[in-house]
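Take a look at this one; I'll ask things after.
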Amino acid sequence: MKLHRKQRMEQLIRDELSAMILRELEFDNTLLTITEVEVSSDLIHARVKVSVIPGDQADHVVEVLNRRQPHLQYELLHKLNIIPLPAVHFIVDHGFENAAAVEKNLMQ
């Protein structure tokens, strides 16, 4: 039962954060995608992985998201009404960059 709740929570957080970021934040010439949300087994923390294109903007975007975390957390609490709501923390997902680099090396 707890695993199912964890998965539902991850999906709800991902969907709502995606909509909130699209609505409230603007990053010029940058594409931001939430690739994954990992909620800890105790449901206290959530790591939100984001992919940023172009990749050289990733650190800046994650820094802005983490600065805005208290506001985003507050909005999430009111939208989702989940108690306890895991504390979100944004990190860069380098998966797509790494895949592109491997593909580039294989093509040479």
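Can you pull out every residue in the stretch 1-44 that is among the basic types (K, R) and either open to solvent by less than 90 Å² (accessible area, probe 1.4 Å) or touching a strand residue (DSSP E or B) at 6+ places or on another chain (Cβ under 6 Å) (or both)?
Of everything in the stretch 1-44, those that are among the basic types (K, R) and either open to solvent by less than 90 Å² (accessible area, probe 1.4 Å) or touching a strand residue (DSSP E or B) at 6+ places or on another chain (Cβ under 6 Å) (or both) turn out to be K6, R14.
Name the residues in the stretch 35-48 that are in contact (Cβ under 8 Å) with a residue 12 or more places away in the chain, under 17 Å from K6 (Cβ atoms) and of a type outside the set (K, R), would you?
If the condition is that a residue be in contact (Cβ under 8 Å) with a residue 12 or more places away in the chain, under 17 Å from K6 (Cβ atoms) and of a type outside the set (K, R), then E36, V37, E38, V39, S40, S41, L43, I44, H45, A46, V48 are the ones that fit.
It is to be established whether one or more residues within the stretch 19-37 are closer than 19 Å to A87 by Cβ and among the small types (G, A, S).
No, because not a single residue in the stretch 19-37 is closer than 19 Å to A87 by Cβ and among the small types (G, A, S).
The values are calculated or read from the model by the stated rules, or taken from the named source; none is laboratory data. Please read all numbers here as calculations on a predicted model, not as lab measurements. Note that each Cβ is placed from the backbone with ideal geometry, even for glycine, and that neighbours are counted across all protein chains shown. These accessible areas exclude ligands, DNA and RNA; they are computed on the full protein's heavy atoms, side chains included. Shrake-Rupley method; radii C 1.70, N 1.55, O 1.52, S 1.80 Å.
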